[in-house]
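First comes the structure, then the notes that go with it.
Bear in mind that the values in this text are calculations on the coordinates, not laboratory data. Predicted, not measured: the structure shown is a model, and the values here were computed from it. Neighbour counts run over all protein chains shown; Cβ positions are idealised from the backbone, glycine included.
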Amino acid sequence: MLMSCGRNQRYSSRRELLARAGYGLGAAALAALCGGTASAEEAKRPFPNFAPNARRVIFLFQSGGPSHLDLFDHKPELKSRFDQDIPPSVFGGQRVTGMVAQQSRFPIVPTRYNFRQHGQSGMWFSDLLPHTAKVADDICLIRSMHTEAINHDPAITFLQTGSQLPGRPCMGAWIDYGLGTENENLPAFVVLNSLPANGMPDQGLLSRLWGAGFLPSRHQGVQFRSGADPVLHLSNPAGLSREQRRTQLDALAALNRRAYERAGDPEIETRIAQYEMAFRMQASVPELVDTSKEPDHVYKLYGEAARQPGSFAANCLLARRLAERNVRFIQLYHRGWDHHGGLTEKLPALARDTDQASAGLLLDLKQRGMLRDTLVIWGGEFGRTVYGQGAIKPDSYGRDHHGRVFSLWMAGGGVKPGYVHGASDDFGFNVAQDGVHVHDLQATILHLLGIDHTKLTYRFQGRQFRLTDVHGSVVQSIVA
């Protein structure tokens, strides 16, 4: 039966009428991207909820699980316990991965690396991190992180999205949804992937880690690659001028608007907005990624590897350039930290990749007056076990995944500098003081951006979802 509804619009079924009515809110929500006004939903969204400390985030994510015991968590008493079994009272009901499930014992392996205190704060760092040690007084080191996952994919997914199951929006998408962009010529959320210098990336990274999940697709991260074409399919083909591209986009937008009038699907308007963003990026991205005019003293900060496109150092420099242009969330991945064996050969190479560049990024931001409102985070999805995996020697060992306690550092953006939060037990195995759950970390990051994590929600399939799921508390003691 035909039905009519307003302005003589005719619908062939009740289903179509209800669908068109439901699309209205989504269309209004996207109007701002297409030159219109903000939707009622966006106008009511109370973000930021209070004055933010940080305007942007750079997350230096070390995929694979860096060993806290070999980098950040000084346990000198373990030197006398080499090859002793970890006490049952410490081990407790710890789950183990399939990699060590058949081991007959779990022998303690102390780190082979020396630790020293640095800065006025007296913060302990491994000798593998000499450059990071120099900025100790700018760092807030959390030694009591803990997670619920034991394997890489669920652990990375949990830290990035707040859920071990795929399908949820990632942190960058949530922040873009809540705060929007400060630069209409670049995405609010950019992803940079780095290849370790030793060429062994270990765990793969799936694009859903920077996906929008059930949020509107415009909030997903845009991946920048090294090379002549940093964003795939962005450049015009040979023989097509910018003016011709503009004419094509205008014609395409007209067709898409007609399609929207028929279907009412808000993703059609998202498509229009994404085409427009891509057109603007054709002008903004080449200038952004061209670091040839950076002075030599900047390269000295990050290290010579910053001249090699795709390296962690080069991506740290690019992250600073993105931050200068007010990109809201910059996710920089570095892989290769999954050291089940050969840790003493692999870990120093990974530390060399990241140490100077990470410290250089802090120094560069600081000298430009940007560190105070840029939150920098360094860490992985979990740590490594105190017990060894496979054959062990004092100077040759591997470590399994460990989520019961691990370390992560933050700097700038309103966190306390030169401060150590929390502690692990004498074995670096369990939280001993002031534990920080993954949802607590996420709540704190949002808090520093001026967002109450309990209010940043999105209704999907009949439920209000949020990054921190149903719990999580701001770690007030690390807020300056």
**Item:** the chain: antiparallel DSSP beta bridges as a percent of all, rounded to 5
**Value:** 50 percent
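Normalised radius of gyration for the chain, please: alpha carbon Rg relative to 2.2 N^0.38 Å, two decimal places.
Relative to the rule-of-thumb radius for its length, the chain sits at 1.06.
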**Fill in**
Reduced to Cα centres, the span from the range 321-389 to the range 73-123 in Å works out to 23 Å
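Can you give the charge dipole size of the chain about its Cα centre, rounded to the nearest 20 debye, using +1 on the beta carbon of Lys and Arg and -1 on the beta carbon of Asp and Glu?
1220 debye
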**Charge-dipole axis of the range 232-302 as Lys and Arg at +1 and Asp and Glu at -1 on Cβ define it, positive-most pick from F279, N236, L255** = L255
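Just flag the chymotrypsin sites (Phe, Trp or Tyr not before Pro) in the range 202-292 sitting in loop per DSSP whose Cβ has no more than 15 other Cβ atoms within 10 Å.
Those that pass, being in a loop and sparsely packed, are F214.
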**Fill in**
In terms of the charge dipole of the chain, which places +1 on Lys and Arg and -1 on Asp and Glu at the beta carbon, the residue among L71, V96, L288 farthest towards the positive end is L288
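Using the count of nearby Cβ atoms within 10 Å as a rough guide to exposure, how do L249, L362, L215, L165 rank from fewest to most?
With the fewest neighbours first, L249, L362, L215, L165 line up as L165, L249, L215, L362.
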**Prompt:** Given H402, L186, H447, which one lies farthest toward the positive end of the charge dipole of the chain, if we put +1 on the Cβ of every Lys and Arg and -1 on the Cβ of every Asp and Glu?
**Reply:** L186
**Prompt:** Given a Förster radius of 25 Å and the C-beta distance between K393 and D153 as r, what FRET efficiency does 1/(1 + (r/R0)^6) yield to the nearest 0.05?
**Reply:** 0.20
**Asked** Which FRET efficiency, nearest 0.05, do V90 and R262 yield, Cβ-Cβ r, R0 60 Å?
**Response** 0.40
**Inter-probe distance in nm under a simple model that places probes 7 Å from Cα toward Cβ, at A480 and R208** = 3.8 nm
**Item:** Label zone at D290 (point 7 Å along Cα-to-Cβ), backbone N below 14 Å, the range 238-252
**Value:** none
**Item:** Mean residue ellipticity (222 nm) of the chain, computed from DSSP H runs ≥ 4 via -39,500 (n - 2.57), nearest 500
**Value:** -10000 deg cm²/dmol
